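K.L.:
One structure follows; several queries about it will come next.
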Amino acid sequence: MVGETNLSGAPVFDYTQDCLVATMDYRVLIRSLHLPFSVLSDADLALVTALKLPVFTVEGMTLMRRLTLAIRDGLIRHVFYPIENPAGYVEDVLAWLKQAGR
């Protein structure tokens, strides 16, 4: 996949609800922002709705709360939520990946 990055051997993707991403070529977005990972778009909130993910509303916009899903073999193996320290929680993810044998 374009721009795929690995975190301790696990592929990393960004997920966005931004409708702009849904209407443009994501490869252009990745190149223009110099992102080291792919961007998955969910402007219609299909994933949020299907998984009943935590959301909040601001000025009429429904936004997903920050979280990380650890997915392996098509199954959600772990959910990191809430993320109270966005700058430091990657250490928790790395520790979980190591413990999970990833």
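The numbers here are math on the coordinates, done by the rules we state, and not lab data. Small disclaimer: the values here were computed from a predicted structure and weren't measured.
K.L.:
Skipping prolines and chain starts, which residues have an amide H placed within reach, meaning under 5 Å, of the one on Asp42, given they are 5 or more residues away or on another chain?
P.N.:
Answer set, sorted by chain and number: Thr16, Gln17, Asp18.
K.L.:
Report the extension gain between Lys52 and Val12 in nm, rounded to one decimal, defined as 0.36 nm multiplied by the number of residues separating them, less their alpha carbon distance. Could you put the intermediate results ahead of the total?
P.N.:
Working: separation 40, 0.36 × 40 = 14.40 nm, distance 2.15 nm.
Going from the current span to full extension adds 12.2 nm.
K.L.:
With a/c under 1.5 counting as rounded, go ahead and sort region 37-91 into rounded, prolate or oblate using the C-alpha gyration tensor (a ≥ b ≥ c being the square roots of the eigenvalues; past the cut-off, prolate if a/b is larger than b/c, else oblate). Walk me through the numbers on the way to the answer.
P.N.:
Details: a/c = 1.78, a/b = 1.20, b/c = 1.48.
Oblate.
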